Amino acid sequence: MNPALGIDFGGARIGLAISDELRLLAHPLKTIPADKNSIRAISEVVRDRKIDKVIVGVPRHMSGEVGTAANAALEFANKLRAQLPCAVETWDERLTTVAAQRALRDSGKKTRDTRQIVDQVAAQMILQGYLDREGNAAAS
């Protein structure tokens, strides 16, 4: 099985995380700028790492409604679907950035020191949630 790629889409930065080949564990990969080159950069990761599934986090409101940020993530997922040779799925990622910030803070990292990795950790949480669900579904 090939690894999966998790994406935490943001207006300024995009966090990437990758799974192991067994799709049991997600690991932070890197942060890329959210700009006109981001889809190309993700395409290179997909090609180089032999990714066959991409999971894009969609930050819904706590009520489940789709807001501005969620619409932007859904639009980005659609652009990826048009460009990538693999499946692109979305995942409800409510509060993953908050959880990532808390986890980094709890590990002793200062907020100003975590700006470049918080998006990767959020992507890791998105991907791990997806992997856990898929693992539980396969075990049932």
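Collect the residues in region 1-46 that are without any contact (Cβ under 8 Å) to a residue 12 or more places away in the chain and either touching a Pro at 6+ places or on another chain (Cβ under 9 Å) or among the acidic types (Asp, Glu) (or both), keeping them in residue-number order. Steps first, please.
As a first pass, look at region 1-46 and keep what is without any contact (Cβ under 8 Å) to a residue 12 or more places away in the chain: 35-37, 40-41, 44.
Of everything in region 1-46, those that are without any contact (Cβ under 8 Å) to a residue 12 or more places away in the chain and either touching a Pro at 6+ places or on another chain (Cβ under 9 Å) or among the acidic types (Asp, Glu) (or both) turn out to be ASP35, ALA41, GLU44.
Residues in region 81-134 that are modelled with pLDDT under 80 and assigned to a helix (DSSP H, G or I): 14 in all.
I need a count of the residues in region 45-74 that are assigned to a loop (DSSP other than H, G, I, E, B), within 18 Å of ALA123 (Cα to Cα) and small (Gly, Ala, Ser). Qualifying residue count for the region: 0.
The values are calculated or read from the model by the stated rules, or taken from the named source; none is laboratory data. Just so you know, these numbers come straight off a predicted model, no measurement behind them. Positions of Cβ are generated from backbone atoms using ideal geometry, with glycine treated the same way; all protein chains shown enter the neighbour counts.
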